[in-house]
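All of the numbers you see were taken from the coordinates with simple rules; none came from a lab. Keep in mind that what you see is a predicted model, and the values were worked out from it rather than measured. Cβ: placed from backbone, ideal geometry, glycine included. Neighbour counts: every protein chain shown.
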């Protein structure tokens, strides 16, 4: 019962540390009770089973409390996401337990840190990607603590969390062995410094950071269309009228960009007919009156064909000999009526992609986990498209889920994006922590890339975020309206943009090396 209680405490500590309701200080203590429980039963004959059960309880509580809101789009999707992600975290901890029984404490805890980071990196890459609870995201509401993410990305935060947890855990074990209070005093000092020094460095970076670059005026549209009852029953004509109305309410001759949300145009638009679409005509009608502005918006596009040679893994079958590619896209229209398209490339599992289709499709057929919206597989593109104005100002557009991926976002900056736009539709989860967490994760991308962000959300929260991750202005959830503001562009490249997730790559190498080392050695006594 004692170990079960420790497991429960760990789950609760991790949960109450999460944005946007929590306090991230608890992350530095969240794993300690579970680590103590694992240590208590390490020499037990049935230790693997017990550790599995305790770890699963911890991670299930954490996942349930922080991501229960998926229920608002689908109960099945929520159940699968929570159960599977808890299982993956548990497997990571169980492998640590197995390794820890064979090698010394310092090496085994280094393995745990590296292996957990490797797991988070894997969660960013594979087809069942769900990096929502990567530990570095836990500081999203306290960006004054993590300005150094421009050097490390979110993996710097994950490393920080684990270093403190392991340091305190080691001190507790030493105290239990020697019963010397001086150990606790020394541990409190050391752990406090490990927590405080990065925060102090971050505050110095924040206070000394100056935004350079040209000011641009953005007009962010928030149509507030209910995706369950209105979105797919509303014609593009009506959408065009609404967006025009929202634009003309606040547009000026100084407006540089008009930004509308993800798939706001969703009325059976054909890819090859986009130049004649209502979406493009809406943009043209607005821009002909305001020749300095550029129009950026989301759109659903479909490309139907019967040529078998064009079939690829993301192609959908409509019926015999008729195929189609389904796109969740952004389009960009300039004052001269020229345009560019970008197709969303980080897809939501189940709703937008069928993971490991060649293996799972023979077993499951066309069954997909519906996380809200559609079950067609989306077609992606290789490169991160940057839209450029006639004055060569580049905007990198992340569509919804793409804004959760740090290294992915750096691709826009390397392709010369001067600021970032996020177009999204977060209404699937109702007024819960879901859309709030998504907004705050965008602040991490601003710090990592030092790019201002203009965020247009269908039902909110739309926002303007500066290069330090500070929300300058926002339009609240379920409010129809227009947010006008100014942000600064930037063409400087941060260390993180240049190097990407280098911390994770180093961690993977060390984790593999230590694991191989452990399997060649006999079991070590503690």
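In the chain, the DSSP beta bridges split such that about 65 percent are antiparallel, to the nearest 5.
Each Cα pair under 8 Å and six or more residues apart adds its sequence gap; the mean of these over the residue count of the chain is a relative contact order of 18 percent.
Residue exposure proxy: 91, 51, ordered by other Cβ atoms within 10 angstrom of their Cβ from fewest to most, comes out as 91, 51. Give the shape of segment 445-516 as rounded, prolate or oblate, defined through the alpha-carbon gyration tensor: a ≥ b ≥ c are the square roots of its eigenvalues, a/c under 1.5 means rounded, and otherwise the shape is prolate if a/b is larger than b/c and oblate if not. Verdict is oblate for segment 445-516. In this entry, the chain is assigned a mean projected area of 25.7 nm², taken as a quarter of its C-alpha convex hull surface.
The simple spin-label model puts a point 7 Å past each Cα toward its Cβ; for residue 502 and residue 125 those points are separated by 1.8 nm. Counting only alpha carbon atoms, the long axis of helix 181-208 and the longest principal axis of the chain meet at about 20°.
Which of 499, 1, 398, 78 comes first, and how do the rest follow, when ranked by fewest Cβ neighbours within 10 Å?
Values: 499 15, 1 5, 398 29, 78 20.
Taking fewest neighbouring Cβ atoms as first place, the list is 1, 499, 78, 398.
At an R0 of 45 angstrom, the distance between the Cβ atoms of residue 2 and residue 380 translates into a FRET efficiency of 0.35.
Give the angle, between 0 and 90 degrees and rounded to the nearest 10, that separates the Cα long axis of helix 236-248 from the longest principal axis of the Cα atoms of the chain. That works out to roughly 90 degrees. Using a simple spin-label model with pseudo-atoms 7 Å out from Cα toward Cβ, residue 48 and residue 431 lie 5.0 nm apart. Once the chain from residue 105 to residue 250 is taken as fully extended at 0.36 nm per residue, the excess over their C-alpha distance is 46.0 nm.
Take every Cα pair under 8 Å whose residues are at least 6 apart in sequence, average their separation, divide by the length of segment 201-342, and the relative contact order is 22 percent. Relative to the dominant Cα principal axis of the chain, helix 154-178 is inclined by about 20°. Listing 445, 414, 334 from fewest to most neighbouring C-beta atoms within 10 Å gives 414, 334, 445.
Mean residue ellipticity at 222 nm, helices only, the chain: -14500 deg cm²/dmol; runs of at least 4 DSSP H residues each add -39,500 (n - 2.57), and the sum is divided by the number of residues. With a Förster radius of 41 Å applied to the beta-carbon distance between residue 304 and residue 193, the computed FRET efficiency rounds to 0.10.
Between residue 180 and residue 208, full extension at 0.36 nm per residue minus the direct alpha carbon distance yields a gain of 5.8 nm.
Distance between the 7 Å Cα→Cβ label points at residue 233 and residue 76: 2.3 nm.
Note on segment 214-358: Cα-Cα pairs beyond 21 Å make up 48% of the total pair count. Please report the spacing between the Cα centers of segment 212-291 and segment 1-73 in Å, no decimals. When both Cα centres are located, 45 Å separates them. Given the C-alpha centroids of segment 128-149 and segment 151-190, what is the distance between them in whole angstrom? Value for the Cα centre distance between the two parts: 21 Å.
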